[in-house]
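Here's a structure for you.
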Amino acid sequence: SVGVPAGPTWHDENSKVLSVSLPARDQDSALRFWTEVMGCEVQFDGEAIPGVRMIEVRPPGSDVGIVLLPPDSPIPVAVRMATSDADEALDRIRGAGVAMDNDEVLRWEGVPPMFAFHDPEGNSLVYLEERDASPRSTPES
């Protein structure tokens with residue numbers, strides 16, 4: 001059973017949705033749809049990790065990106081959120097009995113500290129540490 005945290009310490013005042021990812025079997029076709037039909041702008045199109053293409057598009061006027069990933073990607077299809085302190089957020093969420101994908105905060109070169117977990121319905125979520133309020137600068141955001 002997944003615990004539901006309570007009290008004011010659970011809410012991260014700096015938390016915000018950064019992106020939502022979708023599986024895309026044909027990334028080129030998906031890219032054309034999101035740019036040509038939906039009018040989104042490409043924020044990133046490249047290898048997020050070796051051998052894994054990731055595309056992030058953003059609707060005009062939105063701060064939330066849409067990330068297009070191969071269905072078999074090791075990068076989770078998830079809602080990505082910002083936190084001011086990934087270590088504190090991991091401890092807090094793990095302490096609430098939430099299903100975790102990572103035992104510790106991942107610290108990979110070129111991307112912000114992050115970890116993945118699931119909500120009570122099994123949906124994937126990722127917290128990325130955002131050190132300041134400047135626009136995202138990494139493909140994982």
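Taking the residues in region 75-86 that are part of a strand (DSSP E or B) and within 12 Å of Ser19 (Cβ to Cβ) as candidates, determine which candidate is nearest to the chain's Cα centre (by Cα). Lay out the reasoning, then the answer.
The initial filter retains those residues of region 75-86 that are part of a strand (DSSP E or B), namely 79-83.
Next cut, within 12 Å of Ser19 (Cβ to Cβ) only: 79-82.
On the way: Val79: 5, Arg80: 2, Met81: 6, Ala82: 8 Å.
Checked region 75-86; the qualifying residue nearest to the chain's Cα centre (by Cα) is Arg80.
Filter region 49-60 for residues that are open to solvent by 20 Å² or more (accessible area, probe 1.4 Å) and assigned to a strand (DSSP E or B); which is modelled with the lowest pLDDT? Lay out the reasoning, then the answer.
Let us first name the residues in region 49-60 that are open to solvent by 20 Å² or more (accessible area, probe 1.4 Å), namely 49-51, 53, 58-60.
Restricting the remaining residues to those that are assigned to a strand (DSSP E or B) gives 49, 53, 58.
Values: Ile49: 88, Arg53: 96, Arg58: 97.
Out of the qualifying residues, it is Ile49.
Continuing with the same structure: Tell me, yes or no, whether region 36-43 has at least one residue that is over 15 Å from Val20 (Cα atoms) and either open to solvent by less than 60 Å² (accessible area, probe 1.4 Å) or touching a residue at least 24 places away in the same chain (Cβ under 8 Å) (or both).
The answer is yes; a qualifying residue exists.
Considering each of Asp91, Asp63, Asp72 in turn, give the residue that is outside any loop (DSSP other than H, G, I, E, B) and charged (D, E, K, R). It would help to see each step written out before you state the result.
Values: Asp63 fails: outside any loop (DSSP other than H, G, I, E, B); Asp72 fails: outside any loop (DSSP other than H, G, I, E, B).
The match here is Asp91.
Return yes when Val67 is closer than 19 Å to Tyr127 by Cβ and of a type in the set (Val, Ile, Thr) and no when it is not.
Details: closer than 19 Å to Tyr127 by Cβ: yes; of a type in the set (Val, Ile, Thr): yes.
Yes.
Can I ask one more? Considering only residues that are surrounded by fewer than 19 Cβ atoms within 10 Å (Cβ to Cβ) and in contact (Cβ under 8 Å) with a residue 24 or more places away in the chain, look in region 64-74 and name the one that is farthest from Val111 (Cα to Cα).
Step one: filter region 64-74 for residues surrounded by fewer than 19 Cβ atoms within 10 Å (Cβ to Cβ), giving 64, 70-72, 74.
Restricting the remaining residues to those that are in contact (Cβ under 8 Å) with a residue 24 or more places away in the chain gives 64, 70-71, 74.
Values: Val64: 18, Pro70: 20, Pro71: 21, Pro74: 15 Å.
Among those that are surrounded by fewer than 19 Cβ atoms within 10 Å (Cβ to Cβ) and in contact (Cβ under 8 Å) with a residue 24 or more places away in the chain, it is Pro71.
Sticking with this structure for a sec: Got a number for residues in region 100-119 being at pLDDT 85 or above, open to solvent by 40 Å² or more (accessible area, probe 1.4 Å) and part of a loop (DSSP other than H, G, I, E, B)?
Qualifying residue count for the region: 7.
The values are calculated or read from the model by the stated rules, or taken from the named source; none is laboratory data. Quick caveat: nothing in here was measured; it's all calculated off a predicted structure. When we count neighbours, we look across all protein chains shown, and the Cβ atoms used for this are built from the backbone with ideal geometry, even at glycine. Just so you know, the surface numbers come from the protein's heavy atoms only, side chains and all, with ligands and any DNA or RNA stripped out. Shrake-Rupley method; radii C 1.70, N 1.55, O 1.52, S 1.80 Å.
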